[in-house]
Amino acid sequence: MAEIAVNFLLERLGTYLVKEAELFGGIREEIDELRQELESIKSFLKDADRKRDRSEGIKTWVNQVRCVA
C-alpha cells in the first residue's frame, strides 16, 4: 500500500518538475530576447546622441525612445 502511494507521489512530482522546467526554459528565452532588444535600444540611443545636435527631430525621437525604454 505504501509503495503504491510513493509511486503515485513520485509520478505527480515528476510531472510537476517537468512542467516547471518547461516554464523556466520559456522565461530564459524571453529574458534573452528582452536583453537583445535593450542592447539595440542602447545602440540606437548612442548613435542618436551623436547626431541629435544636428536635428531637432532626432532630439525629439531620442527623448521619446528614452521615455518608452
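Each value in this text was obtained by applying a stated rule to the coordinates, not by laboratory testing. Predicted model only: the values in this text are computed from it and were never measured. For neighbour counting, all protein chains shown are included, and Cβ atoms are generated from backbone atoms with ideal geometry for every residue, glycine included.
Cut-off under 25 Å on the C-alpha distance; same-chain residues fewer than 8 positions from Lys42 excluded. Which lysines are left, in chain and number order?
Those lysines meeting the cut-off are Lys51, Lys59.
For the residue pair Ile58 and Leu17, what label-to-label distance in nm results when each label sits 7 Å from Cα along the Cα-to-beta-carbon direction?
Between Ile58 and Leu17, the simple spin-label model gives 5.6 nm.
What is the helix-to-structure angle for 2-51, meaning the angle in degrees between its Cα long axis and the longest Cα principal axis of the chain, kept from 0 to 90 and rounded to the nearest 10?
Orientation of helix 2-51: about 10 degrees from the principal axis.
Could you tell me how many degrees, from 0 to 90 and to the nearest 10, lie between the Cα long axis of helix 56-68 and the main elongation axis, the longest principal axis, of the Cα atoms of the chain?
Long axis of 56-68 versus the principal axis of the chain: about 20 degrees.
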